[in-house]
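The next block holds one structure in the form of structure tokens; read it before the comments.
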Amino acid sequence: LAFVDALLFDPLPMERTGSKLIDRAELAAFRSPQQPGHGGKKKVLLIDKRSKAGGHWNDAYDFCTLHQPASLYGVSSLRIVSDEEATRRLVTADEIQDYFGTRVMEKLIGTGVVEFWGGWEYRGSVLDDKHDDGGNRRRDDLGKGMFEVGRAGDGGQKSSRLVRTKVIVDARYSENTVPSMIGKQLFPQVELPFSVSPSFIDKVRPPNALSPSVSETGGKPIRYFVVVGAGKTGIDAVLQLLRRSSPPVPPENVLWIDPSGSWLIDRRAFYPSNILKFVNSLVGASRRISLKEFDSCDDNKAYMWFDSLSKEALHPALRIDESTRPKAFRCASVSIEEIEEIRQAAGIVYDERKKIWETRVQEPHNLHMHILRGSKVTRIEDSHVLHLLSAENGTVSTFSVPQHFGIPEHDTNHTDQIMYVNCTARGLRHRPTVPIWSETAPAPVGTDDVPSCGPRAAARLVTLQTVFMCQICASASLIGFVECCNRLPPGEKNAALADPIPYASVPSDLAVGIVCNLTTQARLRSAGLPPWTSLNRLGEDYHTFRYLKEDLSCIKLVTKALSMACKVLCNFSRIKHIVTEVKKESKNAVTITNA
């Protein structure tokens, strides 16, 4: 939706009176006069297997919130809430569902250019008008100018339609998955990452089941909870249980299984008022370590950098227990208050004498939540026995959940009151990057009866991916902007952006992402394009400059700090062996940022 919005609406609104960065006539020269809708032929067809737009938000648990300010999310032309309100609170899942499913769709469809086919799914591009040995129409993976769609969930047996197109935009490559999608007919590829005894499957539930009205099995209220997975979804589930008042859940009735631990971002870093503190924290933490040691990839070196970040005043990097060494980083952000709430429930305290954090009470039958670290669940038996794979040495052990909660082995009255909360869905997966723009073969001939979305021609493929670290909406909007820039032929569009960034999964991805963000800005300037990140509301610089009110002295401080951070991080990013070309562009980002 952010991509389509960038095609149809001006993505660079000029709200600052008297700004000389770019004028309307100059901007018009960048946009193609043959956008969708011109001439009455081109249209945009949105195909979604869900009946309502909004993607994974339609499957989100009701207590889920956006974990970053809403000012950086959604489509460019329409805010979820005002920027002022976005700094005061996090928007809810219901608000986001209404935003995408109703407000955004009404605006897009109201142009007369967009059609939405809800409940349909893409089934591949048609290879030719022949059939295979089984009588099915032949198709390849993507892009021959004509593709087939069918009713979602019918297995391809009941309905299908053919559509000819000029451009295929694949948003599935960056598709998000959430726990509630597991087991649904629409998502056969989304499965539990561990096995469960068949008779026990109803005891494994997504976080959606944590509201008091549904948290019961066989008519018995649930009293004991095992939360599997320690990412942002796991944190949300634990906080929901700790905050519940009717019925209340004592912390000692919660077991949290944390396979590897996660580094988190202090949510304050996303707010414009903290930009100087955030950038200076990056510089200060990076200066505290010896950069000469970072010529090769090593988990210990990545840990050193994140540990240094966690000691800064703004806490660009956070962890629940500072005595642990998290191995994951998924761009999740939390507040200091949320971290403290979990620490208190888990008995994690700061020893003023030793100047370290310690987990002092982690034995069964205490009055604190127990966190089981360093092991991944591989199987749940119907006797409530977990098979755990050690992350340290790869050995498999067993763990009795009833024994942990002090329940007698054969007391079925109480064992039936145990629920396993699955928080292990992949979310945004760490996938290998591919070119955003690519050419495909010409469309087949002899298909005059096929409904057309455009003139018969070769179909180009646009694969949406992140070009800004952890910002999927901003990335899609910028790709849409570059797509409609008539100064760039298709072959040069990839060169206008930094190479796509795989979604973060390990700590060193933070350094790589920051460098690539600056690389994208440098390449946009090199291609002669406007400063998108400063002029589009989804760009972080846009809100920073608005907050600074174009105060040149403050802006100089920010750009100086960014320049220093770029020099530091370009060196650090070698641990991920970034390609030479991206390194060169990253070094240019220092000059571009100052400019």
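Please report, largest first and rounded to whole Å, the three semi-axes of the ellipsoid equivalent to the range 311-351, where each semi-axis is the square root of five times an eigenvalue of the C-alpha gyration tensor. Mind showing how you got there, number by number?
Working: eigenvalues 55, 30, 26 Å².
Each semi-axis is √(5λ); the values are 17, 12, 11 Å.
Need the full-extension length gain, D382 to S160, defined as separation in residues times 0.36 nm minus the C-alpha distance. One decimal, nm.
75.7 nm
Hey, what do the phi angles of the range 167-183 turn into as Karplus ³J(HN,Hα) couplings, whole Hz, using 6.51/-1.76/1.60 and θ = phi - 60°, x for Gly and Pro?
9, 10, 10, 9, 8, 6, 5, 10, 5, 8, 10, 10, x, 5, 7, 5, x
HN-Hα J couplings of the range 325-339 from phi, Karplus 6.51/-1.76/1.60, θ = phi - 60°, integer Hz, Gly and Pro as x?
Per-residue couplings from phi come out as 10, x, 10, 10, 8, 10, 6, 6, 10, 9, 9, 4, 5, 5, 4 Hz.
From the backbone phi of the range 423-433, what are the Karplus-calculated ³J(HN,Hα) couplings (6.51 cos²θ - 1.76 cosθ + 1.60, θ = phi - 60°) in whole Hz, Gly and Pro given as x?
Per residue, the Karplus-derived 3J(HN,Hα) values read 10, 10, 4, 5, x, 7, 6, 7, 10, x, 7 Hz.
Name the long-range amide H neighbours of R244: under 5 Å, sequence gap of 5 or more, or other chain; modelled H, no Pro or chain starts.
Under 5 Å from the amide H of R244 lie the amide H atoms of V249, each far enough along the sequence or on another chain.
Show me 414-424, 526-536 ranked by packing, highest mean number of other Cβ atoms within 10 Å first. It would help to have the intermediate numbers written out before the result.
Values: 414-424: 21.3, 526-536: 18.5.
Result, highest mean first: 414-424, 526-536.
Amide H to amide H, which residues 5 or more places from G124 or on other chains are under 5 Å from it, using H placed in the peptide plane?
Those qualifying (amide H under 5 Å, at least 5 residues apart or on another chain) are E148.
Computed from the coordinates by the stated procedures, all read-outs in this text should not be read as laboratory data. In this text the structure is predicted, and so the values were computed from the model without any measurement. Backbone-built Cβ (ideal geometry, glycine too); neighbour counts: all protein chains shown.
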